[in-house]
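None of the figures in this text is laboratory data; all of them are computed from the coordinates on show. The shown structure was predicted, so the numbers you read here are calculated from the model rather than taken from an experiment. FYI the Cβ positions are ideal-geometry reconstructions off the backbone, even for glycines, and counts take in every protein chain you see.
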């Protein structure tokens, strides 16, 4: 494995020069080092070192080329800023956790050694340290060996590591899929026996990790995979029994291999992929699933609106009216959702739906009342003043122009409004 593969951004290079000129021991540790060693593009460099945050202050340059913001004094964490980029710096520390795996350490002791700091990390491949001054590697937990073997080992006994923080179970699934690594047998067994710890994690944190899993194919788009990382991650979630804890409503449907393949074929929009994953759930279960994972209002609205439409049978007229009512963006998402499910035999979607939608867009179909070349004020003279019928007539005219877009002209719409068929 080539250990001279470092590519520093201008901001990181500036941090490096600042540390070197001031004799500051500064290390990059975690995913940036791991991915660089694997020959993958690396970003989000996490910094660490023996100095406490307050000890860094006297070294900050007067020209503001490197600045610092306190993030969490108790954890010894600050943000270092250079050339518009932000890097998290954490002083070497020891951590203790209460039983229950609730993600945050109950006790933090700053002033640890590098070797002690490595023991608090999850997997050996994330505990390789690059000295920014000398570009020398320190590998206290044999992470490079695991990189070469394409395996995930914990920095200590897996029972202890996974018992401390339930979120590490989802990180294990995601990183195994993203890197195409295999957990060791001991790690896999420990994960299976500690799945219940996910109950102790805040729903918002579970949601964030689930979003990363649903978009695992974005982490290394340049990598050639033997198995799509989203398929791998979702399959492992079912194997480990994650859904039973994370979202019981989705346990059965999310385990279908056909459905998992369909999810991976959609664009990397987590809301849309959840629509596919949960499309067979009744409305009450959809609401429960969205609520239990604390999805955002926008995410919940997308799931609640599109998921039930994924397998609805429609004729051409019904399809066009539905797409117009959804708006262009959501209509495109729905067509993509239905097509991916149809490939796996899970939706009755017509193969012509995409062509129909393209035609609607090409012919400038009005996708909302705002795009109708007529307003309510234009109809007032027809009724001798404001009328409750105007809203109904506008809606009828809009539906007509969805199916006959060439009629979306002011004079034509006025004429149609006078005709009996549009009277309500």
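Things to note:
- Gain in span if fully extended, residue 52 to residue 316, counting 0.36 nm per residue against the direct Cα distance: 88.4 nm
- Relative protection proxy for 166-179, 113-126, 281-294, 66-79, from highest mean packing down: 166-179, 113-126, 281-294, 66-79 (other beta-carbon atoms within 10 angstrom).
- Highest-first arrangement of 403-413, 327-337, where packing means the average Cβ count within 10 Å: 327-337, 403-413
- Each principal axis of the chain carries a Cα extent, and these read 85, 53, 39 Å when sorted largest first.
- FRET efficiency, residue 328 to residue 244 (Cβ-Cβ, R0 45 Å, nearest 0.05): 0.70
- Based on alpha-carbon atoms, the Kirkwood radius and the radius of gyration of region 95-224 give Rg/Rh equal to 0.97.
- Euclidean distance of C-alpha centroids, region 70-101 and region 255-308, integer Å: 34 Å
- Straightening the chain between residue 136 and residue 94 buys 12.8 nm, computed as 0.36 nm per residue apart minus the Cα-Cα spacing.
- Measuring r between the beta carbons of residue 352 and residue 223 and using R0 = 60 Å, the FRET efficiency lands at 0.95.
- Largest GNM mean-square fluctuation among 89, 240, 225, using the chain with Cα springs under 10 Å: 225.
- Spatial offset of region 335-356 relative to region 197-235 amounts to 25 Å, using the alpha carbon center of each.
- Ordering of 189-196, 393-400, 364-371 by packing is 393-400, 189-196, 364-371, highest average first (other Cβ atoms within 10 Å, averaged per residue).
- Relative contact order of region 289-401, defined on C-alpha pairs under 8 angstrom at six or more residues apart (%): 23 percent
- Our summary gives the chain a relative contact order of 9 percent, counting only alpha carbon pairs under 8 angstrom and 6 or more residues apart.
- Whole-angstrom gap from region 124-161 to region 1-62, using each part's C-alpha centre: 17 Å
- For residue 186 and residue 255, the difference between the fully extended length at 0.36 nm per residue and the C-alpha to C-alpha distance is 22.4 nm.
- Cβ-derived FRET efficiency at R0 60 Å, residue 65 paired with residue 156, nearest 0.05: 0.95
- Label-point separation in nm, residue 83 to residue 363, each point 7 Å along Cα→Cβ: 5.4 nm
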